[in-house]
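Just below is one structure, and these are the notes that go with it.
The values are calculated or read from the model by the stated rules, or taken from the named source; none is laboratory data. Quantities reported herein were computed from a predicted structural model and do not represent experimental measurements. In this analysis, Cβ positions are derived from the backbone assuming ideal geometry, glycine residues included, and neighbour counts consider all displayed protein chains.
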Amino acid sequence: MFKSTFKPTIVLLISLFLFSSALLADQSKQGEILKMDRIVAIVDQVVITEKELAGRIKTVTTQLEKQGTELPPPAILEKQILERMITDRLQLQLASQTGLRIDDNQLDKTIERIAGQNKMDIPTFKKALLEDGIQYRKFREDIRNEITLARLREREVDNRINITESEIDSFIAMQSASNSTDEFEISHILIRAGEDTAPEDLKKLRVKAEDALAQLQTGKDFAKISASFSDAPNALEGGGLGWKSGSQIPALFLEALKPLKAGELSSILRSPNGFHILKVTNRRGGSSPLVVGQTHVRHVLIKFSEVVSEKDALTRIVSIKERLDNGEKFEDLARQYSDDGSAKSGGDLSWVNPGDTVPEFEKIMNVLALGEISNIIKTQFGLHVIQVLERRNQDMTKEAARIKARQEIRARKSDEAFQDWVRELRDRAFVELRLEDKY
């Protein structure tokens with residue numbers, strides 16, 4: 001009787017031991033998984049995990065190394081990238097909530113274009129990505145997100161920017177008054193410090209700016225110092241702002257830049273946004289008159305569609321071409337048959353600048369003699385017959401100045417409005433950072 005009760009007890013103990021060991025092992029494995037996927041930030045409805053952050057750091061690090069940019073300290077790089085991920089997540093959440101989506105067909109076309117720019121077909125492009133350690137599915141979703149962010153910016157910021165003719169007039173007048181047509185290629189570091197920053201914090205930020213400038217003055221790489229110190233959105237890209245004309249640069253910056261030669265640094269500049277350090281990467285002189293070769297041209301267009309097949313459109317345009325060759329008036333046939341908005345004016349497109357028309361049209365237009373009628377031309381719009389009436393060289397300096405002024409005003413307004421919008425989005429959101437927990 002003793003033996004019959006002892007064996008089950010031993011078996012039970014062994015079973016409990018094995019169960020406990022398995023449970024501990026399972027908990028250990030779970031602990032490892034949780035450690036790999038530890039949450040480093042909560043952004044409203046979603047989280048950012050340590051694994052996601054590590055993946056983004058790897059991607060950015062690879063890009064910076066390919067560019068030959070010296071990397072900032074790992075902790076600083078990690079914080080910079082996490083902040084970028086937070087703002088991206090907030091924007092993607094807003095896009096999703098408001099129904100902004102990029103369909104697969106559009107995404108495929110974009111990726112085909114990227115592959116084409118790299119002179120690859122899709123299978124070769126996939127292989128190249130894999131060789132760089134990038135999964136095609138991950139790359140595809142990253143491109144979808146980039147397109148989504150660009151569309152969101154257009155909708156929320158760019159499309160709301162209004163530029164008046166008086167603003168353009170003022171811009172051009174200011175450019176003339178500055179008596180400087182020089183253009184500057186600038187790199188920029190921003191130590192953000194708002195006007196409401198507490199005095200003790202302002203002092204610390206000023207010291208941080210002085211430290212950055214001191215390191216630059218000893219010859220440290222600007223891109224590395226930008227990545228380590230700057231709060232600007234393009235800090236990890238080296239802080240480059242590209243070429244800016246004198247009138248495009250804020251007065252505070254322009255006065256500091258005027259005496260600088262290529263490669264020289266400004267002193268620390270204080271604006272309502274914080275402390276700035278500028279570097280003149282390069283500079284160049286003013287612009288010369290812009291003379292453009294223009295062509296006065298007219299055409300007849302027959303479109304093809306679901307109603308009109310390409311075969312039917314060809315039959316119609318061939319008939320029109322024969323009538324033109326037999327001496328009928330171009331303007332009469334254009335008014336009667338052309339599917340273009342210019343039909344009411346006899347097909348007259350007035351004076352056309354280089355690049356105003358599609359390449360197939362422009363190529364034929366440029367080789368026609370005055371008065372000559374072209375053969376039938378096929379473009380994305382349909383089938384054309386064209387005739388060149390006149391050619392001239394036109395001074396477009398004033399028109400080009402207004403176009404450039406509009407572009408520069410829009411770029412400046414867009415950048416400022418976008419940064420304000422992102423800050424507002426960030427301020428309204430619930431964001432909990434847990435990055436420090438790992439240290």
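Things to note:
- Residue identified as over 34 Å from the mean Cα position of the chain (by Cα) and more than 30 Å from A150 (Cβ to Cβ) among L349, L333: L333
- Conditions (1) over 30 Å from D340 (Cα atoms); (2) at pLDDT 90 or above; (3) of a type in the set (K, R); number of the one not met by R298: (1)
- Filtering Q394, Q380 for residues that are surrounded by fewer than 17 Cβ atoms within 10 Å (Cβ to Cβ) and in contact with a strand residue (DSSP E or B) (Cβ under 6 Å, 6 or more places away or on another chain) leaves a single hit, Q394.
- Residues located in the range 193-206, provided they are surrounded by 14 or more Cβ atoms within 10 Å (Cβ to Cβ) and either of a type in the set (G, A, S) or in contact (Cβ under 8 Å) with a residue 60 or more places away in the chain (or both): A193, L205, R206
- Checked against the criterion of being touching a Ser or Thr at 6+ places or on another chain (Cβ under 8 Å), β-branched (V, I, T) and part of a helix (DSSP H, G or I), the candidates I81, I76, I86 yield just one match: I76.
Residues checked against (1) over 18 Å from N375 (Cα atoms); (2) without any contact (Cβ under 8 Å) to a residue 12 or more places away in the chain:
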| site | (1), (2) |
| --- | --- |
| Q294 | yes, no |
| I302 | no, no |
| V318 | no, no |
| K329 | no, yes |
| L333 | no, no |
| N353 | yes, no |
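- Residues of the range 207-254 satisfying the condition of being buried (at least 16 other Cβ atoms within 10 Å of the Cβ), touching an Asp or Glu at 6+ places or on another chain (Cβ under 6 Å) and not in a helix (DSSP H, G or I): S245
- Residue ID - surrounded by the fewest Cβ atoms within 10 Å (Cβ to Cβ), chosen from residues in the range 349-364 that are in a helix (DSSP H, G or I) and of a type in the set (A, V, I, L, M, F, W, C): I364
- Residues that are under 30 Å from V292 (Cβ atoms) and either polar (S, T, N, Q) or more than 16 Å from the chain's Cα centre (by Cα) (or both) were ranked within the range 409-439; the one that is surrounded by the most Cβ atoms within 10 Å (Cβ to Cβ) is I409.
- Flag if D339 is more than 30 Å from P233 (Cβ to Cβ), touching an Asp or Glu at 6+ places or on another chain (Cβ under 9 Å), assigned to a loop (DSSP other than H, G, I, E, B) and not β-branched (V, I, T): no
- Matching residues, the range 129-141, being surrounded by 13 or more Cβ atoms within 10 Å (Cβ to Cβ) and either among the basic types (K, R) or in a helix (DSSP H, G or I) (or both): L129, Y136, F139, R140
- Among the residues of the range 95-117, those identified as touching a helix residue (DSSP H, G or I) at 6+ places or on another chain (Cβ under 7 Å), in a helix (DSSP H, G or I) and either in contact (Cβ under 8 Å) with a residue 12 or more places away in the chain or not aliphatic (A, V, I, L, M) (or both) are A95, L107, T110, I111, E112.
- Qualifying residues in the range 57-73 (those that are outside any loop (DSSP other than H, G, I, E, B) and of a type outside the set (K, R)) - the one surrounded by the most Cβ atoms within 10 Å (Cβ to Cβ): L64
- Selection of the range 320-335 for residues being farther than 11 Å from I386 by Cα, small (G, A, S) and buried (at least 16 other Cβ atoms within 10 Å of the Cβ) yields an empty set.
- Subset of the range 358-377 [in contact with a strand residue (DSSP E or B) (Cβ under 8 Å, 6 or more places away or on another chain) and of a type in the set (V, I, T)]: V358, I364, I373, I376, I377
- Residue in the range 284-304 that is part of a helix (DSSP H, G or I) and more than 32 Å from the chain's Cα centre (by Cα) present: no
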